[in-house]
Amino acid sequence: MSLSKLSLPSNRTIVMGIINVTPDSFADGGRYDTAVTAIERGLEMIAEGVDIIDVGGESTRPGADRVSPQEEENRVIPVIQALAAAGAIVSIDTKRSMVASAAIQAGAKIVNDVSAGLSDSQMLSTVASLGCPYIAMHTRGNSKEMNSLATYQDVVAEVISELSARIADALAAGITKDNIVLDPGLGFAKEPEHNWALLRNLDALEALGYPVLVGASRKRFLGTLVGSDNPEDREAATIALTGLLARGGTWGVRVHSVKPHRDAIAVAGKFA
Ligand code: PMM
């Protein structure tokens with residue numbers, strides 16, 4: 001089903017709630033690592049007004065080890081089935097085409113790929129045949145090497161040019177233009193100043209003509225700003241950023257908590 005058919009609100013920034021069914025994600029690792037706790041959290045998110053629930057079964061944090069495809073599927077499929085049955089629009093956060101297919105079969109509607117097709121050579125053609133929306137995020141290298149690849153002359157121009165190449169490949173594989181969402185990939189092969197430059201210049205990325213999703217929630221660059229090593233202490237900064245992004249008309253934010261972000265977006269709506 002295409003993005004426009006998903007009945008997402010078009011008059012405000014949408015909230016994508018994060019559920020990492022993993023023992024080792026940086027901000028919520030281990031908290032929702034069983035199907036039962038992950039489903040409970042998803043149901044809470046629905047009650048709080050989430051627009052999309054992003055379910056992932058493999059940590060993407062820098063340096064993380066990969067899990068087997070079978071383990072990844074075992075983690076996410078029961079959660080996707082339950083939350084889709086409860087009426088949520090679910091996205092699958094995966095770099096693997098096989099997991100993407102299984103997730104869509106289980107009821108997910110969107111594929112969120114932090115490698116934009118670079119990890120799995122079958123991903124773009126698989127998504128094209130699934131006919132579903134595809135979130136293409138900017139990164140460089142894999143999770144082991146990305147920190148060493150965070151060097152740019154002009155981060156905004158380079159991210160746009162590298163994402164444009166990913167879009168060209170996605171279109172060539174048969175993904176339709178109206179099913180592509182772009183993401184600057186904050187924290188992925190980026191130092192704090194790179195993330196801020198991208199956020200200040202989001203309109204340049206938006207000028208490519210695709211919806212833009214921003215995933216800043218509790219990331220290290222916010223910790224650097226507010227002086228906190230604890231991801232939960234970065235929540236207020238994340239909410240402030242959501243308000244600013246909503247004011248600027250960003251399509252969506254990918255966040256760990258839902259209600260505070262819906263509230264920040266409602267406040268921004270009063271300035272529209
Ligand atoms: N960040 C993470 C994982 N998946 N997907 C998209 N589209 N954008 C992101 O910024 C992004 C992502 C890492 O953060 P997490 O461990 O809190 O999920």
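The values are calculated or read from the model by the stated rules, or taken from the named source; none is laboratory data. As the structure is a prediction and not an experimental result, all values here were calculated from the model. Here the Cβ is made from the backbone with ideal geometry for all residues, glycine too, and neighbour counts use every protein chain on show.
Computed values, structure above
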item	result
Residues that are within 12 Å of the ligand (Cβ to nearest atom) and small (Gly, Ala, Ser), drawn from the stretch 142-188	Ser143, Gly185, Gly187
Selected residue (criterion: farthest from Ser129 (Cα to Cα)) from residues of the stretch 154-182 that are buried (at least 16 other Cβ atoms within 10 Å of the Cβ) and touching a residue at least 60 places away in the same chain (Cβ under 8 Å)	Val181
Matching entry among Gly243, Gly227, Gly223 (being more than 12 Å from the ligand (Cβ to nearest atom), of a type outside the set (D, E, K, R), without any contact (Cβ under 8 Å) to a residue 60 or more places away in the chain and exposed (fewer than 14 other Cβ atoms within 10 Å of the Cβ))	Gly227
Checklist (1) at pLDDT below 95; (2) in contact with a helix residue (DSSP H, G or I) (Cβ under 8 Å, 6 or more places away or on another chain) applied to Asp24, failing item	(2)
Number of the exception - Ala88 against (1) away from the ligand (no atom under 15 Å from the Cβ); (2) modelled with pLDDT of 95 or more; (3) farther than 26 Å from Glu48 by Cα	(3)
Qualifying residues in the stretch 209-220 (those that are within 16 Å of the ligand (Cβ to nearest atom) and within 15 Å of Trp251 (Cα to Cα)) - the one surrounded by the fewest Cβ atoms within 10 Å (Cβ to Cβ)	Pro211
The one condition in (1) under 21 Å from Ile18 (Cβ atoms); (2) exposed (fewer than 14 other Cβ atoms within 10 Å of the Cβ) that Thr151 fails to fulfil	(1)
Tally, over the stretch 45-62, of residues that are out of contact with any strand residue (DSSP E or B) (no Cβ under 9 Å at 6 or more places or on another chain) and either touching a residue at least 60 places away in the same chain (Cβ under 8 Å) or within 12 Å of Val76 (Cα to Cα) (or both)	2
Criterion (under 20 Å from Val111 (Cα atoms) and at pLDDT 95 or above) met by exactly one of Gly42, Gly49	Gly42
Residue list for the stretch 189-208, filter: within 14 Å of the ligand (Cβ to nearest atom) and either among the aliphatic types (A, V, I, L, M) or not in a helix (DSSP H, G or I) (or both)	Ala189, Lys190, Leu198, Leu199, Leu202, Leu205
